[in-house]
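S.K.: Would you mind keeping the following structure in view while I ask a few things?
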Amino acid sequence: MKVIDFHVHTGTWEMNTPGCQEFMLATQPEAKEHHRRIEDPLWYRDYLVEQGLTHAVILAEHTPATSTYCPSEWVAEYCKDIEMFTPFASLNPFFDNEPVNKLEYYVKELGMRGLKLLPSCCFYYPNDPIMYPIYKKAEELEIPVVFHTGSSLIPGTRMKYADPMHLDDLAVDFPDLTIVMAHAGRGFWYEQAYFLSRIHKNIYMDVTGLPPQKLLDYFPELEKNAEKVLFGTDWPAAPKEINKIIQGICELPLKEVTIENILYNNAARILFG
């Protein structure tokens, strides 16, 4: 079975803040060792293939105040010669000068094919007008935008900014922008995330960080949303190996086509058209 992981991280251990390092070690004791290994993109590629992945979205992250500074340029170079990697850029409206121009540069010059934003780590609401020029440019460039939604245990984050309801404005104001709710509103807002992805044609939810065996508890009618759900792991911070997470999805009492959609088809439609 083909599998796309829509939510994978890279970078050196030193790119993470002390608080982020502490969080990762608490959830994945081998996180530091994994980071040492994934500095080599060829090792990472071979590992992900061994774990059962066909393709992986590699996320940059620009949240130096709270979490991680893994620059977009670093990720673009990291993915350059690895066919199974798709690099996503990251922007921070309080650190990046001319973020709209930067986004265009990342996409047109560096070949990045998406954008990851973490409002709860950067302290802005997703529907703040300061962000609208960035969304307009992303819509023009026809790239998806992934938003961290829901809880975070990394010290310093402010979860009020991660309420998926703020994305309702974006779905209306940018109808051609593909919006992905990372973690599907984890913890507080499963219902809101599910509902938003049902009513808006341009909103998806990824189930990164959610235990597969709990998915039908969080989303009892997941089957009805089969074309709007994406698989992700958050590796290397994930508490389990990727193949175990895939196996957990495959063992859910869902139709085969639903599992195929979650693991591959929906992400392929976003990434490859």
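S.K.: Being at pLDDT 95 or above and closer than 30 Å to Y135 by Cβ is the requirement here; does E50 meet it?
M.R.: When the stated conditions are applied, E50 does not pass them.
S.K.: Report yes if some residue within segment 143-151 is of a type in the set (F, W, Y), surrounded by 15 or more Cβ atoms within 10 Å (Cβ to Cβ) and touching a Ser or Thr at 6+ places or on another chain (Cβ under 7 Å); otherwise report no.
M.R.: No, segment 143-151 contains no residue that is of a type in the set (F, W, Y), surrounded by 15 or more Cβ atoms within 10 Å (Cβ to Cβ) and touching a Ser or Thr at 6+ places or on another chain (Cβ under 7 Å).
S.K.: Another question, then. Can you tell me which residues in segment 201-247 are of a type in the set (S, T, N, Q) and in contact (Cβ under 8 Å) with a residue 60 or more places away in the chain?
M.R.: Those that are of a type in the set (S, T, N, Q) and in contact (Cβ under 8 Å) with a residue 60 or more places away in the chain: T208, T233, N243.
S.K.: Looking at segment 1-28, which of its residues are at pLDDT below 90 and among the polar types (S, T, N, Q)?
M.R.: T27, Q28
S.K.: Also, quick follow-up: Since E61 meets every condition but one in (1) on the phi > 0 side of the Ramachandran plot; (2) in contact with a Cys (Cβ under 6 Å, 6 or more places away or on another chain); (3) not aliphatic (A, V, I, L, M), which condition does it not meet?
M.R.: (1)
S.K.: For residues that are charged (D, E, K, R) and within 24 Å of T157 (Cα to Cα), scanning just segment 90-140, find the one that is modelled with the lowest pLDDT.
M.R.: Applying the filter and picking the extreme gives D96.
S.K.: Moving on. Which members of segment 21-54 meet the condition of being over 23 Å from C79 (Cα atoms), assigned to a helix (DSSP H, G or I) and not aliphatic (A, V, I, L, M)?
M.R.: Within segment 21-54, Q21, E22, F23, T27 meet the criteria.
S.K.: Out of K240, K224, I need the residue that is in contact with a helix residue (DSSP H, G or I) (Cβ under 9 Å, 6 or more places away or on another chain), part of a helix (DSSP H, G or I) and of a type in the set (D, E, K, R). Which one?
M.R.: Only one candidate qualifies: K224.
The values are calculated or read from the model by the stated rules, or taken from the named source; none is laboratory data. The shown structure was predicted, so the numbers you read here are calculated from the model rather than taken from an experiment. With ideal geometry, Cβ positions are generated from the backbone for all residues, glycine too; neighbour counts draw on all protein chains shown.
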